[in-house]
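The values are calculated or read from the model by the stated rules, or taken from the named source; none is laboratory data. Because the structure is a prediction, the values reported are computed rather than measured. Neighbour counts are summed over all protein chains in view; Cβ atoms, including those assigned to glycine, are modelled from backbone coordinates with ideal geometry.
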Amino acid sequence: MQRAAGQRPMTADELFALPDDGCRHELSLGYLLSEPPAGFDHGGVGVRILVLLDNHVRARALGRVVGADTGFVLARTPDTVRAPDAAFVSAGRLGAVGRVKGYFPGAPDLAVEVLSPSERAGTIHGKVADYLAAGTRVVWVVDPESRTVTIYRSLLSPLVLAGDRELDGGDVVPGFAVKVSEIFEI
């Protein structure tokens, strides 16, 4: 976390105005978090999930799927802005918000985080907690190393899927279903 002692928390608007430095930035309670660009395998898995979700969502006009460069304001004063590797927002919520030029004002319905080799368990647990507390209905944590997907509807009862087990969108992304192994076919 980057903030000098006594310095006021950064806002979502200030984060949005930062120049592009090649890193991915998020805010956690006003603290600036920075990550280097993800690795090749991480990027491939992220794109695979985006394509699978986007094809399904577009064909059924369910809403919108966005990628890792999209920020969601999960909390205000101090601000928390997270940028999942993939996210889905339902058509009904999009209509209520209208066109968004900056960060989306609220949580996605579905947030997908693809683990990078350097990501620590506590970091991802914090992200999942932020999403769920802000109203995200389900979070998928995709682990390219173990080839698993962990589904969180709450922090207390995650479900881990692997291999030929089916990952489905449930009531969040109706009709979406894919074998976990297909996510890692890159």
Checked the stretch 54-113 for anything within 30 Å of PRO36 (Cβ to Cβ), in a helix (DSSP H, G or I) and charged (D, E, K, R); matches are ASP54
Considering the stretch 148-186, residues that are in contact (Cβ under 8 Å) with a residue 60 or more places away in the chain and of a type in the set (Phe, Trp, Tyr), and then whichever is nearest to ASP109 (Cα to Cα), we arrive at PHE176
Flagged in the stretch 110-127 as buried (at least 21 other Cβ atoms within 10 Å of the Cβ), among the β-branched types (Val, Ile, Thr) and either touching a Phe, Trp or Tyr at 6+ places or on another chain (Cβ under 8 Å) or free of Cβ contacts under 8 Å to residues at least 24 places away in the same chain (or both), in numbering order, are VAL112
Of the conditions (1) more than 17 Å from SER116 (Cβ to Cβ); (2) crowded, with 17+ Cβ neighbours inside 10 Å; (3) β-branched (Val, Ile, Thr), the single one that VAL51 does not satisfy is (2)
Is it fair to say GLY135 is modelled with pLDDT of 95 or more and not aliphatic (A, V, I, L, M)? yes
The lone condition ALA61 fails out of (1) touching a residue at least 24 places away in the same chain (Cβ under 8 Å); (2) surrounded by 12 or more Cβ atoms within 10 Å (Cβ to Cβ) is (2)
